[in-house]
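Asks: Dropping the structure in here first, questions after.
The values are calculated or read from the model by the stated rules, or taken from the named source; none is laboratory data. All values reported here derive from a predicted model rather than from experimental measurement. So basically every Cβ, Gly included, is an ideal-geometry build from the backbone, and we count neighbours across all protein chains shown.
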Amino acid sequence: MAEITTTARPYAKAAFQHALEQKELDQWSSMLSFVAAVTCDETMQTVLQSPGMTSEQKAEAIISIGADKLSEQGKNFIFLLAENDRLSLLPMISDLFELLKAEQEKTVEVMVSTAYELASGEADKLAASLKERLGREVQISSEIDKSLIGGLIIHAGDMVIDGSVRGKLAKLSERLNS
């Protein structure tokens, strides 16, 4: 995984820098997200791994699916990746691009897992508190996980805050067993 990230990072940075200079961050975000999804498709995986196809044919296969969703620079980017045999990196490039975009825009996506649905007032208070703590605009998405018993778990990037009853019981059990 680390090797894939290391290989994908320069492409993501180059795409991000170009998009930033052209003031097309949202457009590039959409394009990369789309082509990443295309390359994850099982049928497309077969095409991309086919030894009988040239790199240009592989790029054309991706572009033909999303021709209306790709700018001329986006198509050139796909050809460049194909030429360097890097089309399989598109999902990672898209993920890294999104991280760079979030950093630029000072935003963070937060996943909140709760045992029960959050009331709208609670979600707003949590967003305000996280905004203050993280120094960024917070976009909250939530999921219900009954196994938490109560409380919540917050995932913001690589930060995890476990305030669930399940987590507290696990810590207590660990202390008692040691």
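Asks: Quickly run through segment 1-20 and pick out the residues that are closer than 17 Å to L80 by Cβ and of a type in the set (D, E, K, R).
Replies: Answer for segment 1-20, where residues must be closer than 17 Å to L80 by Cβ and of a type in the set (D, E, K, R): R9, K13.
Asks: Go through (1) touching a Ser or Thr at 6+ places or on another chain (Cβ under 6 Å); (2) closer than 30 Å to S50 by Cβ; (3) surrounded by 16 or more Cβ atoms within 10 Å (Cβ to Cβ) one by one and return the number of the condition K75 breaks.
Replies: The single condition K75 does not satisfy is (1).
Asks: Which residues, taken from segment 146-176, are of a type in the set (S, T, N, Q) and either in the same structural domain as E98 (by TED's automatic domain parsing) or surrounded by 11 or more Cβ atoms within 10 Å (Cβ to Cβ) (or both)?
Replies: Of everything in segment 146-176, just one residue is of a type in the set (S, T, N, Q) and either in the same structural domain as E98 (by TED's automatic domain parsing) or surrounded by 11 or more Cβ atoms within 10 Å (Cβ to Cβ) (or both), namely S164.
Asks: Checking E143 against (1) among the charged types (D, E, K, R); (2) surrounded by 12 or more Cβ atoms within 10 Å (Cβ to Cβ); (3) touching a Ser or Thr at 6+ places or on another chain (Cβ under 6 Å), only one condition comes out false. Which one?
Replies: It fails just one condition, (2).
Asks: Name the residues in segment 99-133 that are over 28 Å from Y11 (Cβ atoms) and hydrophobic (A, V, I, L, M, F, W, C), would you?
Replies: V112, A115, L118, A119, A123, L126, A127, A128, L130
Residues are listed down the side, and each one gets a yes or a no for (1) within 18 Å of the chain's Cα centre (by Cα); (2) of a type in the set (V, I, T); (3) under 15 Å from E72 (Cβ atoms):
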residue: H18; (1), (2), (3): no, no, yes
residue: M31; (1), (2), (3): yes, no, yes
residue: A36; (1), (2), (3): yes, no, no
residue: T39; (1), (2), (3): yes, yes, no
residue: M44; (1), (2), (3): no, no, no
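Asks: What is the residue count in segment 1-36 for residues that are free of Cβ contacts under 8 Å to residues at least 40 places away in the same chain and under 17 Å from I65 (Cα atoms)?
Replies: Qualifying residue count, segment 1-36: 2.
Asks: Now, a different point. Please work out if A36 is modelled with pLDDT of 90 or more, in contact with a Pro (Cβ under 6 Å, 6 or more places away or on another chain) and among the aliphatic types (A, V, I, L, M).
Replies: yes
Asks: Could you tell me which of the residues D95, D85 is surrounded by fewer than 17 Cβ atoms within 10 Å (Cβ to Cβ), within 30 Å of G157 (Cβ to Cβ), within 23 Å of the chain's Cα centre (by Cα) and in the same structural domain as P10 (by TED's automatic domain parsing)?
Replies: Only one candidate qualifies: D95.
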